[in-house]
Structure formats: C-alpha cells, structure tokens
Amino acid sequence: MNTYIKNGLLVGLSTLLLTACNDRLTVQPTQSIDASQALNTERDVQITLTGAYDGISDVNLYGGGIQYTGELLGDNRDVVFGGTFTTLDELWRKTVTTTNVDVRDLWLDSYNAINRANNVLANLDKVSAANRNNYEGQARFLRGSLYFELVKFYGKSFNDGTPASNLGVPLVLTPTGTIGDADSRPRNSVAEVYAQVLDDLTKAEQLLPASQPASFAGTADPKGFANKVAAQAMLARVYLQQQNFAGARDAANRAITAGTFSLASTFAGAFTDTSPETIFKVLVTDQDGSNALNTYYGSTRVSGRGDIRVQTKFRQLYEAADVRGQFFTTVNNNVFTNKFNDRFGDVPVIRLAEMYLVRAETNLRLNTTVGATPLADVNLIRARAAAPALTSVNLAAVLLERRLELAFEGQQIADIKRTAGTVGTTPYNANNLVLPIPQREIDTNKQLTQNPGY
C-alpha cells in the first residue's frame, strides 16, 4: 500500500475509535496507532466491524461502483453512457487512464475496508467466546470478498495465462498501524490472491451462523450482515470464476438448499428491500449509505441522473412474454432499467436467482444433476419471469439466461472473461479490459508494477 492508502486507513480507524469511546478525545498528531490502545473491548471491535461494513457500502464499492464498473467495462453498446463524468465514460469506452479517480478510489476504499476487517481479526481476543466465531466470520467474508473484486479488476483473469505468475494485487493481512518502508508491498500473484480469498470465504462459511442474531444486527435488516449463505454464495462466484465447476456447483447448491432464502414471487419483487431472495446487500437509509446504481441507472423521475441508457439491441434479447423485457421506463426517448428506482433502496449484492443459474451452468458442464437438472433450474427462473419454458438447454442458453436475469448487477465483465468471450471485437484477455494500477499508487510505492498497456 502507498502513503495515500495508509494515511486513509489511519484516518478511518481513528474516526471509528473516536466514535467507539467518547472519552478518547485527545488524539496525538502522529502517523501511527498504538495497537494496545486502539481496541480494548468487545464493543470497540464490534464498532470496528460495523465500520468495515460502512466501508464496503461506499459508492465506489458495493454501494454501486463495483457493479457499474463490471457492467460498463464489459458493455458492447447494450447501453449508452450519456453522462458528463469522464471517469465512467472511460470505463464504458474501454479507454481508462491511470489517473481515473473511480479506478483510484475503488482501490483505495477497498484497502480501507480491508484494513478495518484486519483490525477486527487482530483483536478477536477482546471478543467473548459466544461472539468470536461470528465476528471472525464476518471480517473474513468482507476481506475475502473485496480481494476477489480487486483481483478480478486489476489482475488478469484466472483462465488467462498462468495465475501463479500473473500479477494480482498486494495482500495485506494485518492492520496497518505504522507507516514505513515495509508497507510498500509488491503485487501478489493472481493465484496467491485467489488462495487467500478461498481461505477467507471457506472459514467464513464454517464460522458464520445461518442468519445474524438480533443481538448483533439490532433493528437493521440482517441481510446487510454476512451469514453462512452469503459466504456460500460468494464462494460459488469465486469457484465459477476459477472454472472450478464442481466447487461452484456444490457451493451454490448449499446456498439454495439451506432454505434461508427463496425466490420472490415476481421479478419486480426481487428488487425491493423486503425481497426474500436477497442473500447479501448494502443497507441504505435516509441517514447513511448511498445507492450509486440509482444515481447512474435511474431516470430523473426516480432521482437518478439518467446517465446509463438501455438500448433496443439489448431489450430485443427478451421474448415478448418475458416480464424482464418490460422492466424498463422511457423518459424523453431514453430507456432505463427499473431495477434501481428507489434512491434510498438497499443495493443488492447477491440474489438467490444467481445461485440457481450457477447450479444450472455447472451441472450442465459436468453432466450432473446435483440439486436439480439444469433445465429445471433455468425454467424455474424463466417461470418467475413468465417466459416460455424451454424443452432443452445448452450452455449458450444458460449463459443467455444469466445475461437476461442479472443484467446491470455487475457480472458482465466477469462472465465475459471466464468464458473467454469478447466485448465487441475486443478479446477477453485484452490489456484494456484490466484496470490500471492507479498512478498515485505507482508513484508512491516503487514496488508496484503497472499493468501492460498503461
């Protein structure tokens, strides 16, 4: 991490600690934190964990940035970006510069949140035995999920070349408390980052409860806090990206058969704050949290900017009876998705519908029927959308169903890369489909190597 990251981490942690203990109002202007004084009680650790969730809810992370970056980078004129922000326009046009602030802040904010999770993991001895596993599981879920997003954006795809030698991102697994040369770290390999992601998420699945107890979640929606199924669902994504189809199939099947979540009865119902199929989401209230998906995908009628406009080319992929093809609003001859119409709506990160499609694809690839046949799983999703049932299914049909169901939810570039597809005529392994290491990181950490093409 560079000095910019490290100072941000310290500021973020200091803010949390001041919130935790009102009597700690005298903060010395130093560049380090005494770990022995930072977190003294279980309450301090809990507040730091809450701070980690606040970190991932940032507009550059799961508050929308991760999702729209994945969509814009993988878009081939299914949408048009008509906004004035050049940083997002660069993503859409695949002409990203090393000084793009969205790319910079995705990196910075991820490491800020990771550092908060690291502080939780380093202070589990302050947590009661009754809560320790839960706190550890949540922190590992957050850290593993963010490293997964970072390696997908800033490293080559797992199926592109040799993961053991391709550069990923620096792994920082302990709290950053003192700024020094030792904190300038080189990039770990793609394989090393994936190994850490799997380690964190596997342990999270083992440690987390099926649902969060009210004693932790309080009055907030418990779907905003990681549970066992959230870890299983994220594991399914990771294994799928690695083309470990058996691992992805089994993790998705565990998430489905847990019975904790169920499909919403209507497609529109899947995008409400009370949807029964939302496995994990970012909580947004009038006082806290932002929904950047509403900002950019929502029309001006629903308090959005109306920047990302859906084109006829994409809408024609839906069959006439498919309600998903009608889930749009037209304003001034521009068409917008209705998935993110609520300015204060929670931001969905993982839905159960995705797990059915992961299970369908992996069963099909492996010629197995774990949980259900691929045809049954695909038709289950299509039936909810009032689309005609298929009589047979092949890989192309499953991948199309993913695109129709999960459009604008962040999976576009990841799907293109793992299936060795193209963005228009641009191949999945092109340099401009990998984000550059932010220039500020390169300037302040001489151990970092820039990605090819930048």
Notebook entry, point to check: Scanning the stretch 383-419 for residues that are among the acidic types (Asp, Glu) and open to solvent by less than 20 Å² (accessible area, probe 1.4 Å), which turns out farthest from Gly65 (Cα to Cα)?
Noted result: Glu401
Notebook entry, point to check: Got at least one residue in the stretch 192-205 being at pLDDT 95 or above, within 29 Å of Pro438 (Cβ to Cβ) and in a loop (DSSP other than H, G, I, E, B)?
Noted result: no
Check: Out of the stretch 241-255, which residues are surrounded by fewer than 24 Cβ atoms within 10 Å (Cβ to Cβ) and touching a residue at least 12 places away in the same chain (Cβ under 8 Å)?
Finding: Gln241, Gln242, Gln243, Phe245, Ala246, Gly247, Asp250, Asn253, Arg254
Next item on the list: Report yes if some residue within the stretch 395-403 is over 28 Å from Phe328 (Cβ atoms), within 25 Å of the chain's Cα centre (by Cα) and either at pLDDT 95 or above or assigned to a helix (DSSP H, G or I) (or both); otherwise report no.
Entry: no
Check: Scanning the stretch 85-106 for residues that are without any contact (Cβ under 8 Å) to a residue 40 or more places away in the chain and within 18 Å of Asp75 (Cα to Cα), which turns out most open to solvent (accessible area, probe 1.4 Å)?
Finding: Arg93
Next item on the list: Filter the stretch 275-302 down to residues that are at pLDDT below 95 and surrounded by fewer than 21 Cβ atoms within 10 Å (Cβ to Cβ) and give me whichever is nearest to Thr84 (Cα to Cα).
Entry: Ser290
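Just for the stretch 213-230: of the residues that are under 20 Å from Asn123 (Cβ atoms) and at pLDDT below 90, which one is surrounded by the fewest Cβ atoms within 10 Å (Cβ to Cβ)?
The first filter runs over the stretch 213-230 and keeps only residues under 20 Å from Asn123 (Cβ atoms), leaving 215-216, 225-226.
Checking which are at pLDDT below 90 leaves us with 215-216.
Values: Ser215: 9, Phe216: 17.
This residue is Ser215.
Conditions tested, residue by residue: (1) of a type outside the set (Phe, Trp, Tyr); (2) in contact with a Pro (Cβ under 9 Å, 6 or more places away or on another chain).
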site	(1), (2)
Glu205	yes, no
Gly224	yes, no
Val229	yes, no
Gln243	yes, no
Ala246	yes, no
Ile256	yes, no
Phe261	no, yes
Ala264	yes, yes
Phe267	no, no
Notebook entry, point to check: Which strands (runs of 3 or more DSSP E) sit wholly inside the stretch 311-382 and have at least 3 residues that are surrounded by 16 or more Cβ atoms within 10 Å (Cβ to Cβ)?
Noted result: 334-337, 347-351
Next item on the list: Could you check, for the stretch 47-66, whether at least one of its residues is surrounded by 22 or more Cβ atoms within 10 Å (Cβ to Cβ) and under 21 Å from Thr422 (Cβ atoms)?
Entry: no
Notebook entry, point to check: Would the stretch 132-148 turn up any residue that is of a type in the set (A, V, I, L, M, F, W, C) and open to solvent by 10 Å² or more (accessible area, probe 1.4 Å)?
Noted result: no
Check: Is it the case that some residue within the stretch 414-422 is out of contact with any Cys (no Cβ under 6 Å at 6 or more places or on another chain), under 26 Å from Gly63 (Cβ atoms) and of a type in the set (Lys, Arg)?
Finding: yes
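The values are calculated or read from the model by the stated rules, or taken from the named source; none is laboratory data. None of the values given here were measured: they were computed from a predicted structure. Methodologically, a virtual Cβ is constructed for each residue, glycine included, from the backbone with ideal geometry; neighbour enumeration extends over all protein chains shown. Note: accessible area is taken over every heavy atom of the protein model, side chains too, but ligands, DNA and RNA are not part of it. Shrake-Rupley method; radii C 1.70, N 1.55, O 1.52, S 1.80 Å.
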